[in-house]
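**Q** Mind having a look at this structure? Questions to follow.
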Amino acid sequence: MLKLYGGARSRASIIQWYLEELGLPYEFVLLDMQQGENLQPAYLAINPVGKVPAIVDGDFKLWESGAILMYLRDKYGQPPLTVEQRAEISQWVLFANATLGPGVFSEATRETQLPRLMTVMNHLFERQPYVLGTEFSVADVAVGSLLAYIPLMLPVDLSPYPAVTEYIRRMSDRPAFQKAIGGRK
Ligand SMILES: N[C@@H](CCC(=O)N[C@@H](CS)C(=O)NCC(=O)O)C(=O)O
């Protein structure tokens, strides 16, 4: 069975959300990060960087949440993607991890980046319910998880961006989201 390695309140929840959406059986291996279990040789053999999440699927090991999401989509998602569809999903997954997350969660950049990024996302969700249009996809897991973490983790007011707030509510209502992330802080 596929193993997902994570810590309590870690980015492993993002992967867990998608595994739940896919309906795949998996084992969540909870590492005691407080005790540095992620830096012990047994886990460093899976991810030499010592960060979570990571997965082991048969003999295959993979780390970095964006890469894991794309792998799961490619291996277990339906229908198969064209090169262009896959590139567009990669765009959003990379945007979430390299632009949205660092821009909003870093205090140094939040003041300038949050309004800029939320304005773009608000316009997008005024036009369509999901990141790619009318269908939920792994791009929503990547982008939606980070957006949902904003009100859970940051003292910021999202009321100027009602379409983003409504999108977060839509994502949070999904049973798979509830199971993996819920409303926890
Ligand atoms: N870019 C990585 C970030 C991974 C990351 O920073 N994970 C944190 C937990 S959310 C971690 O493992 N921290 C432990 C440490 O840095 O030792 C990803 O998206 O997978």
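**Q** Assess whether LEU39 counts as being closer than 25 Å to PHE95 by Cβ and either surrounded by 14 or more Cβ atoms within 10 Å (Cβ to Cβ) or within 13 Å of the ligand (Cβ to nearest atom) (or both).
**A** Details: closer than 25 Å to PHE95 by Cβ: no; either surrounded by 14 or more Cβ atoms within 10 Å (Cβ to Cβ) or within 13 Å of the ligand (Cβ to nearest atom) (or both): yes.
So LEU39 fails the test.
**Q** From ARG86, ARG73, ARG110, grab the single residue that is within 27 Å of VAL52 (Cβ to Cβ) and crowded, with 19+ Cβ neighbours inside 10 Å.
**A** On the way: ARG86 fails: crowded, with 19+ Cβ neighbours inside 10 Å; ARG110 fails: crowded, with 19+ Cβ neighbours inside 10 Å.
After ruling out the rest, the residue left standing is ARG73.
**Q** When GLU27 is evaluated against the numbered criteria (1) in a strand (DSSP E or B); (2) within 16 Å of the ligand (Cβ to nearest atom); (3) in contact with a Leu (Cβ under 8 Å, 6 or more places away or on another chain), which criterion, by number, is the only one it fails?
**A** Answer for GLU27: the failing condition is (2).
**Q** Any residue in segment 89-107 that's within 13 Å of the ligand (Cβ to nearest atom): show its pairings with residues that are assigned to a helix (DSSP H, G or I) and of a type in the set (A, V, I, L, M, F, W, C) at Cβ separation under 6 Å, as long as the two are six or more apart or on different chains.
**A** So the pair list comes out as VAL93/LEU69; VAL93/ALA142; ALA96/ALA142; ALA96/VAL143; ALA96/LEU146; LEU100/LEU117; LEU100/LEU146; GLY101/LEU146.
**Q** In segment 49-77, what count of residues is obtained for those that are part of a loop (DSSP other than H, G, I, E, B) and within 12 Å of the ligand (Cβ to nearest atom)? If you could, list the steps in order and put the result at the bottom.
**A** First, pick out the residues of segment 49-77 that are part of a loop (DSSP other than H, G, I, E, B): 49-53, 58-59, 64, 77.
Next cut, within 12 Å of the ligand (Cβ to nearest atom) only: 49-53, 64.
Residues in segment 49-77 being part of a loop (DSSP other than H, G, I, E, B) and within 12 Å of the ligand (Cβ to nearest atom): 6 in total.
No value in this document is a laboratory result; all are computed from the given coordinates. Note that the structure is a prediction, hence the values are computed from the model and not measured. So basically every Cβ, Gly included, is an ideal-geometry build from the backbone, and we count neighbours across all protein chains shown.
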